């Protein structure tokens, strides 16, 4: 759902406050209100968060609270991000925004919400935006399709690995992770 009729520039977006708790992404200069998450998506992202806590310092983990500017007029708010140490020191103490002049996070995870528009956003648009932003690894967790896709950046494009059922999710960057798709998706069974 688009919220604004006037196109915003990045500075206007960063200063925007409508006095509500509504969270927004910006797509081509337009504010897009993020609908409340489903309980299933929250449980899945929280489970992944708890698993990353086992081997990633808490200061490098962001959960639905840090936005990333992927281009000059597109800002995304991922479900889960793992920062690099360099990015962590660059963000500082201000607004939790990763700007285009900052390093990329090591990993972004999106849990697909129900609906064709959400599927298109996570599978198509964010895939190209995150690749262009240079994010080394992007996960798409899809309860409806019962799969986790791990996209690894190689020469500017993502190479895709699809995991289902009892497949162990493998990550080039997070080799300590020992999870199956069934374990991740079981958290979303409500």
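Brief remarks follow.
- Centroid-to-centroid, using Cα positions, the range 44-100 and the range 134-172 are 18 Å apart.
- Using C-alpha pairs under 8 Å with a sequence gap of at least 6, the mean separation divided by the residue count of the chain gives a relative contact order of 16 percent.
- A Gaussian network model of the chain, with springs between Cα atoms under 10 Å, assigns the largest mean-square fluctuation among 124, 62, 133 to 124.
- Rounded to 5, the percent of DSSP beta bridges in the range 76-176 classed as antiparallel: 75
- Most mobile of 21, 65, 122 in a GNM of the chain (Cα contacts under 10 Å): 21
- Among 15, 106, 178, the largest mean-square fluctuation in a Gaussian network model of the chain, built with springs joining Cα atoms closer than 10 Å, belongs to 15.
- Taking a ≥ b ≥ c as the square roots of the eigenvalues of the Cα gyration tensor, an a/c ratio of 1.5 or more together with a/b no larger than b/c marks the range 58-101 as oblate.
- Based on DSSP H segments of at least four residues, each scored -39500 (n - 2.57), the chain has a per-residue ellipticity at 222 nm of -6500 deg cm²/dmol.
- Cα-based shape type of the chain, given that a ≥ b ≥ c are square roots of the gyration tensor eigenvalues and the cut on a/c is 1.5: prolate
Read-outs: derived from the displayed coordinates by stated rules, not from any lab. Source: prediction; values computed, not measured.
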